[in-house]
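One structure is given here, and the rest of the page talks about it.
The values are calculated or read from the model by the stated rules, or taken from the named source; none is laboratory data. Keep in mind the model is a prediction, meaning the values are calculated, not measured. All Cβ positions, even for glycine, are placed from backbone atoms using ideal geometry, and neighbour counts span all protein chains on display. All accessible areas refer to the heavy atoms of the entire protein, side chains included, with ligands and DNA or RNA removed. Shrake-Rupley method; radii C 1.70, N 1.55, O 1.52, S 1.80 Å.
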Amino acid sequence: MSADVLTIGGQDFSSRLLLGTGGFPRMETLAEAIAASGTEMVTVALRRIDVQARHSLTDVLHDCGVRILPNTAGCFTARDAVLTAQLAREAFETDWVKLEVIGDERTLLPDAPELLAAAERLVADGFIVLPYTTDDPVLARRLEDVGCAAVMPLGSPIGSGMGIRNPYNIALIVESAGVPVVLDAGVGTTSDAALAMELGCDAVLCASAISRAQDPVAMARAIRAGVEGGRLAHGAGRIPRRLYAEASSPMDGVAQALPADRPA
Amino acid sequence: MIRLNGTQVNGRDGATIADLLADLGVEPQARGVAVAVDGEIVPRSLWGTHTVPAGADVEAVTAVQGG
């Protein structure tokens, strides 16, 4: 079997699980979860320097040997997202950005017009843009049209653990996408990640499901297995769903017992 | 007076970016740090020489945990 490689923006990955670093209680746990997940790329956020901070997250991730994917979390306008992406490029010497432009504080759902505007400007500025988007197939196509290197539709709101609320839409996005599709947000446990891959997603981005699990390292291992299993199942081709049973044993040639009223 | 990460700072007009980062406890070679002055990124190579005029708005950021 040839290696099953994921290519985004000209970069090859052997792992199809991207890990968000948010929510881990300790840096040590984050590092252990990175190793257990097998991930090659993790997201970080960018915030004003805190003089009280005791650890350098960047140093920890550098030691883990993973690629850093900075996000623009917390940005509500294209303007803010573009500045954050430019700061991230300088901070991490990467053109890659997970573009988030949020439209609502309670649901953290993307703001479609601002997202599209920011994506267009960042692509023009040379960025490799991976946008966090809704599960709208038309918006996904528009993001691809402006030059995004992948599309990252949500399964359900960030941190909700509600899984994939509209598998039909995710399948539609996968069907028409010419760039990798990364299921981002909403994964609660292994089965959600497996479903994303079975639907044909190219990868899964997962943060809270791992970082806020009771045992984050064990959950990292579990979701990794889910992603790998789902990927294999997608390639294997599942059977169609049927309303009634289809026997898996032959119906002919069944041995007949004696009639119940006949003495043995 | 300048604004550093949203806070008014006195007596630092004309300081370099490196000086301001030192105020925040950040070494000039620290990984994962970026600075913008009035919305324009100042490349790391200029931190030692780029001075910040009075009235400037400085944003100095670094990586934090985030999805």
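Numbers for the structure displayed
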| read-out | value |
| --- | --- |
| Most mobile listed residue (A:249, A:211, A:37) in chain A, GNM with C-alpha springs under 10 Å | A:249 |
| Test item: Cα-centred dipole of the protein assembly as shown, Lys/Arg +1 and Asp/Glu -1 on Cβ, debye | 640 debye |
| DSSP bridge orientation in the stretch B:2-62 - percent antiparallel, rounded to nearest 5 | 85 percent |
| Prolate/oblate/rounded call for the stretch A:16-235, Cα gyration tensor, a/c under 1.5 rounded | oblate |
| Chain B: relative contact order as a whole-number percent, Cα under 8 Å and 6+ apart | 44 percent |
| On Cα atoms only, tilt of A:112-124 relative to the major axis of chain A in degrees | 60 degrees |
| Chain A: relative contact order in percent, alpha carbon pairs under 8 Å with at least 6 residues between | 17 percent |
| Lys, Arg +1 and Asp, Glu -1 on Cβ, resulting dipole of chain B about Cα centre, debye, nearest 20 | 160 debye |
| Pairwise centroid distance, computed over Cα atoms, of the stretch A:102-132 with the stretch A:213-263, Å | 41 Å |
| Probe 1.4 Å, accessible area per residue of the stretch A:14-88, Å² | 41 Å² |
| Candidates A:141, A:231, A:48, ranked by Gaussian network fluctuation over chain A, Cα under 10 Å, top entry | A:48 |
| Shielded by partner chains, the stretch B:37-67 residues - at least 50 Å² of accessible area, 1.4 Å probe, vs chain alone | B:41, B:61, B:62, B:63, B:64, B:65, B:66, B:67 |
| Percent carbon-and-sulfur accessible area, chain A, ignoring ligands, DNA and RNA, probe 1.4 Å | 50 percent |
| Between 0 and 90°, nearest 10: helix A:78-92 axis offset from chain A longest Cα axis | 90 degrees |
| Carbon and sulfur %, accessible surface of chain B computed with the full protein complex present, 1.4 Å | 52 percent |
| Kirkwood-Stokes translational diffusion coefficient of the stretch B:2-62, alpha-carbon pairs, 10 °C, 1.306 mPa s, µm²/s | 141 µm²/s |
| Gap separating the Cα centres of the stretch B:24-54 and the stretch A:34-100, nearest whole Å | 17 Å |
| Accessible area expressed per residue, the stretch A:136-225, with surrounding protein chains retained (probe 1.4 Å, Å²) | 39 Å² |
| Selected from A:179, A:222, A:140, residue furthest toward positive end of dipole (the protein assembly as shown; charges at beta carbon) | A:222 |
| Distance in nm between pseudo-label sites at residue A:225 and residue A:63 (7 Å out along the Cβ direction from Cα) | 2.9 nm |
| Surface accessible to a 1.4 Å probe, per residue, for the residues of the stretch B:2-62, Å² | 47 Å² |
| Of A:162, A:244, A:122, farthest towards positive along the dipole that unit charges on Lys, Arg, Asp, Glu beta carbons give the stretch A:120-264 | A:244 |
| Debye intensity ratio in log₁₀ form over the Cα atoms of the stretch A:161-218, taken at each q of 0.22, 0.28, 0.30 Å⁻¹ | -0.79, -1.14, -1.26 |
| Value of [θ]222 nm, deg cm²/dmol, for the protein assembly as shown, DSSP H segments ≥ 4, -39500 (n - 2.57) each, nearest 500 | -9500 deg cm²/dmol |
| Chains A and B, summed buried accessible surface - 1.4 Å probe, Å², nearest 100 | 2300 Å² |
| Relative contact order, percent, the stretch A:147-253 [alpha-carbon distance under 8 Å, six or more residues apart] | 24 percent |
| Charge dipole (debye, nearest 20) of the stretch A:153-218; +1 at Cβ of Lys and Arg, -1 at Cβ of Asp and Glu | 180 debye |
| Between 0 and 90°, nearest 10: helix A:27-37 axis offset from chain A longest Cα axis | 40 degrees |
